[in-house]
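J.: The structure follows.
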Amino acid sequence: MPQRTSITNPSSLEVLAEGGASKTENEEGGPQVGQRWKVAWRDGTVHLAEIVDIRKAEGSSDAATASAAAKAGSTERGKKAPGTAAAGGEPSRSSSAGGGGAVYVHYVDFDRRLDEWVGMERVDLAAGQQRAVAHHNGDKRRVTTRMKRKYDEMGSKSGHGGGGDREGLDANIAMLEKEHEEITKVKNVQSVLLGKFEVETWYFSPYPDDYSKLDKLFVCEFCLKYMKRESTFTRHRQKCTMRHPPGDEIYRETAEGGQGCGVSVYEVDGKTNKVYCQNLCLLSKLFLDHKTLYYDVDPFLFYVLCEVDDAGAHIVGYFSKEKSSPEEYNLACILTFPPFQRKGYGKLLISLSYELSKREHMVGSPEKPLSDLGKLSYRSYWTYVLMNMLRDYKGELSIRLISNMTAIKTEDIISTLQSLNLLRYWKGQHVIAVSHTTIDECLNKSSRFKLCRPECLTWPVELED
Ligand SMILES: [Zn+2]
């Protein structure tokens, strides 16, 4: 969240000085790109929003797309509405963008997954343009500073060598600027058909140009090939023989007592199955804001989680991992696709990443920055593991020992304990101070966890015979 806002929402301080747009501008014909206007969210509450793009009305095909998109926006569930705690919110009843065209807006201080096309009737034209318009140079400068910091954090990443060399730094900043550009783009694909689900997308993804501006993208859930037309897709489904991801099945959990479905995880090598992994990255970018990896998949392994039934192994999520990480990252990207969220799969993937680290006799940590959802998942996973250990372990525990047993990096243990206010500094050392009541309270909150079962993991694959 903090990284998000620092990169996309110009903080007010610097910006206010530049603000003060004159009232005359809005009299010349409504919102312009880059301005901030008051916009009604789908539940009717009004929020400050930045205009990202504009589509005129008057019978153009663009306007038709815009109005379809504005409507699609109101069907999504699971999103937190600005200013309300309710998920889903009340769909806007007035999305007839018919007469007045539409604007693509970013709600200031909210995640970009809430960006959407709205009909002009949802823009408060009477209130006019709001102060504090982002000043372009100011914005860019701030982004660059943040990117430099990110580059410094990355150090000499994965053999790209020359930690301090000027050329490398410039190249990386250019790359990060490109990333910034892409995350601030207008969504290009509005929804995607994946298996039996039609899913509304969250963010821009760099699909080839002739695939952008699609209302619906068709994706084969087994080979992840993407198609523009339903007819092509139908033909592909008849021909495609894949029924599970490529690579080795490393994890299999059968359905409990014949209830629900089993789950499997496949380890897919980015080098061996390049196209599959590139397609996976493109697809997942529709739901991930921060992500630089699309085409250079060789240095990564992908762990693809599937629900298994008679029809095959249906992808529900994945995480990627660098084959070798000097920074001890044990996970690069993690995603559960929206139809499968809130079923505990995120925690299963996180716990699997630590299980792999344990078997490598390593400690690990997720690559930063984490998305807002990723951060929440990790925080609650760490809390759960630590509280269980504090409750059950007989004997004296040190942070080092906890780290060795859980494969969680010491800094993540310390930050988790600090966030729970359980860490005291005593005689020059960190000491964990916790009562049984606190432990029980924390564990009650996280009772529905579904972690991976180590006995279901057959990894490393080489060791079996
Ligand atoms: Zn296929």
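The values are calculated or read from the model by the stated rules, or taken from the named source; none is laboratory data. What you are looking at is a predicted structure, and each value in this text was computed from that prediction instead of being measured. Backbone-built Cβ (ideal geometry, glycine too); neighbour counts: all protein chains shown.
J.: Evaluate segment 275-284: report whether one residue or more is at negative phi and more than 25 Å from the chain's Cα centre (by Cα).
T.: no
J.: Quickly run through segment 204-231 and pick out the residues that are within 15 Å of the ligand (Cβ to nearest atom), part of a loop (DSSP other than H, G, I, E, B) and touching a residue at least 60 places away in the same chain (Cβ under 8 Å).
T.: Hits for segment 204-231 are 221, 222, 224.
J.: Please go through segment 232-269 and pick out each residue that is among the hydroxyl-bearing types (Ser, Thr, Tyr) and within 16 Å of the ligand (Cβ to nearest atom). Even if it seems obvious, please write down each step before you answer.
T.: Taking segment 232-269 as the starting set, the residues that turn out to be among the hydroxyl-bearing types (Ser, Thr, Tyr) are 232, 234, 241, 251, 254, 264, 266.
232, 234, 241, 266 - these are the residues of segment 232-269 that are among the hydroxyl-bearing types (Ser, Thr, Tyr) and within 16 Å of the ligand (Cβ to nearest atom).
J.: Could you please find all residues in segment 265-317 being among the charged types (D, E, K, R) and either outside any helix (DSSP H, G or I) or at pLDDT 95 or above (or both)?
T.: The answer is 267, 269, 271, 274, 289, 291, 296, 298, 307, 309, 310.
J.: Only one residue in 201, 272 is away from the ligand (no atom under 15 Å from the Cβ), in the same structural domain as residue 455 (by TED's automatic domain parsing) and more than 17 Å from residue 313 (Cα to Cα), so which one is that?
T.: Criteria check complete, one pass: 272.
J.: Would you check if there is a residue in segment 365-374 being assigned to a loop (DSSP other than H, G, I, E, B), touching a helix residue (DSSP H, G or I) at 6+ places or on another chain (Cβ under 7 Å) and not charged (D, E, K, R)?
T.: There is at least one residue in segment 365-374 that is assigned to a loop (DSSP other than H, G, I, E, B), touching a helix residue (DSSP H, G or I) at 6+ places or on another chain (Cβ under 7 Å) and not charged (D, E, K, R).
J.: Quick one: is residue 283 within 27 Å of residue 112 (Cβ to Cβ) and within 16 Å of the ligand (Cβ to nearest atom)? Give the derivation first.
T.: Numbers: within 27 Å of residue 112 (Cβ to Cβ): yes; within 16 Å of the ligand (Cβ to nearest atom): yes.
Spelling it out, residue 283 is indeed within 27 Å of residue 112 (Cβ to Cβ) and within 16 Å of the ligand (Cβ to nearest atom).
J.: Cβ-Cβ distance below 7 Å, separation of 6 or more or different chains: which pairs start in segment 233-257 with a residue that is assigned to a loop (DSSP other than H, G, I, E, B) and end on one that is of a type in the set (S, T, N, Q) and within 15 Å of the ligand (Cβ to nearest atom)?
T.: As it stands, the answer is 246/273; 247/273, since those pairs meet every condition given.
J.: Restricting to segment 308-347, and then to whatever is β-branched (Val, Ile, Thr) and within 17 Å of residue 194 (Cβ to Cβ), can you tell me which residue is surrounded by the fewest Cβ atoms within 10 Å (Cβ to Cβ)?
T.: 308
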